[in-house]
């Protein structure tokens, strides 16, 4: 993403140069976040399969395979997209402007979600303390699923000096090294160098702490994905050329890696082999098994990234009247989707609807729910920045019903109405979350 600004806002290094859009990157952002909604519903309702044997056992194996494999690469791919968006954005921004925009585009929704949507305002001291706690643990995160935004904001700040250096020195040694990697014969550079670096991160850091939601060894892992996305775009034409060259070999190799990873991850020789933290279980930090697992995990995840980026480059780099709309919807729907997810899971669990039917209906309901929220808040100028939507009144005036109203006073009245609806959206999100918790206790 830029998870939160269009990653395909490719712009020139100077105002006179024409803008370049990579529609495939925008499409990937939309698709991956739609999959995220399904993924969260599927994962958080898995308990409904426990202790049940049925004719769906074969489907269960496929389900666990898909969930397990997807979890290894989907977030990495999103951080790559965020890095790409940053590279495009930096072409026309100073580092001061970039940090200011990151603070508003990421920081405002993060604080709003933390203190309002996730009830942090009711325990402000504890919430603030946890907000500044390094790796508080999944049970203590005050920002919940917005850890992605939290990490992205930190990564943006940490890497800004490097981004500013590259912007000032486009022919620097760093860019030269990246281009040389991209130009290696048969695309071997892009297929080997990034996953080897990721492997080193896993081998060195994974033994000591359980990796969860971007913490411990996953924190530097996702920072690397973000950095790789940025560096690949700085290579410009070399990246897009090599991503086309590796499409076919990556298509062959990735499924093999996926099967190997899945079988290897089921090994019981070392607990938490793929998640990390086995030292706490009394196992040695380094061994042949853990090293092989870290290398396999890194190559598997990176090859999935190459697979989706290479095929998206070939098939999705084209404009669409829906793309701008869906791209704008990504951030606000991401912010609210967890509040809407838990209630249908709880309801379908209570009535015994069945996992697969519940998953299909529930995912559809969540999709509809998040889009309703988006349609409401995008029409309320003051609510837009809280939900990560760019622009204020100038943008709302372009959409219905504002674009049909000429009288300024009437527009003010309509704006007040939609601000009221936005407040009702927040109250509804509270009710959905509290209702899900109540049903879960039944």
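The values are calculated or read from the model by the stated rules, or taken from the named source; none is laboratory data. Because the structure is predicted, anything quoted here is derived from the model rather than measured. Note: ideal-geometry Cβ built from the backbone for every residue, glycine included; neighbour counts use all protein chains shown.
Being touching a residue at least 24 places away in the same chain (Cβ under 8 Å), assigned by TED's automatic domain parsing to the domain that holds residue 262 and under 30 Å from residue 178 (Cβ atoms) is the requirement here; does residue 118 meet it?
Judged against the criteria, residue 118 is not a match.
Would you point out which residue out of 275, 281, 212 is within 28 Å of residue 145 (Cα to Cα) and out of contact with any helix residue (DSSP H, G or I) (no Cβ under 9 Å at 6 or more places or on another chain)?
Values: 275 fails: out of contact with any helix residue (DSSP H, G or I) (no Cβ under 9 Å at 6 or more places or on another chain); 212 fails: out of contact with any helix residue (DSSP H, G or I) (no Cβ under 9 Å at 6 or more places or on another chain).
None of the others qualify; the one that does is 281.
Give region 416-442 a look and list any residue that's farther than 19 Å from residue 112 by Cβ, surrounded by 14 or more Cβ atoms within 10 Å (Cβ to Cβ) and over 28 Å from the mean Cα position of the chain (by Cα), or say none.
439, the sole residue that qualifies.
From the set of residues in region 20-53 that are closer than 24 Å to residue 77 by Cβ and modelled with pLDDT under 90, which is surrounded by the most Cβ atoms within 10 Å (Cβ to Cβ)? Quick ask: steps written out before the conclusion?
Pass one, region 20-53, residues closer than 24 Å to residue 77 by Cβ: 20-46.
Cutting the leftovers down to modelled with pLDDT under 90 gives us 20-22.
On the way: 20: 13, 21: 16, 22: 21.
Result: 22.
Which numbered condition in (1) modelled with pLDDT under 95; (2) closer than 30 Å to residue 30 by Cβ is the only one that residue 297 fails?
(1)
Filtering region 389-403 down to residues that are touching a helix residue (DSSP H, G or I) at 6+ places or on another chain (Cβ under 8 Å) and under 14 Å from residue 324 (Cα atoms), which residue is modelled with the lowest pLDDT? Show your work before the answer.
Residues of region 389-403 touching a helix residue (DSSP H, G or I) at 6+ places or on another chain (Cβ under 8 Å): 389-390, 392-393, 396-397, 401-402.
Subsequent filtering for residues that are under 14 Å from residue 324 (Cα atoms) retains 389-390.
On the way: 389: 95, 390: 92.
Taking the candidates together, the pick is 390.
Residue under question is residue 59, and the condition is that it be under 29 Å from residue 348 (Cβ atoms) and modelled with pLDDT under 95; does it hold? Outline the logic, then answer.
Working: under 29 Å from residue 348 (Cβ atoms): yes; modelled with pLDDT under 95: yes.
Yes, satisfied.
Quick check on residue 381: is it touching a helix residue (DSSP H, G or I) at 6+ places or on another chain (Cβ under 6 Å), surrounded by fewer than 23 Cβ atoms within 10 Å (Cβ to Cβ) and over 20 Å from residue 30 (Cα atoms)? I'd like the intermediate steps shown before the answer.
Details: touching a helix residue (DSSP H, G or I) at 6+ places or on another chain (Cβ under 6 Å): yes; surrounded by fewer than 23 Cβ atoms within 10 Å (Cβ to Cβ): yes; over 20 Å from residue 30 (Cα atoms): yes.
Judged against the criteria, residue 381 is a match.
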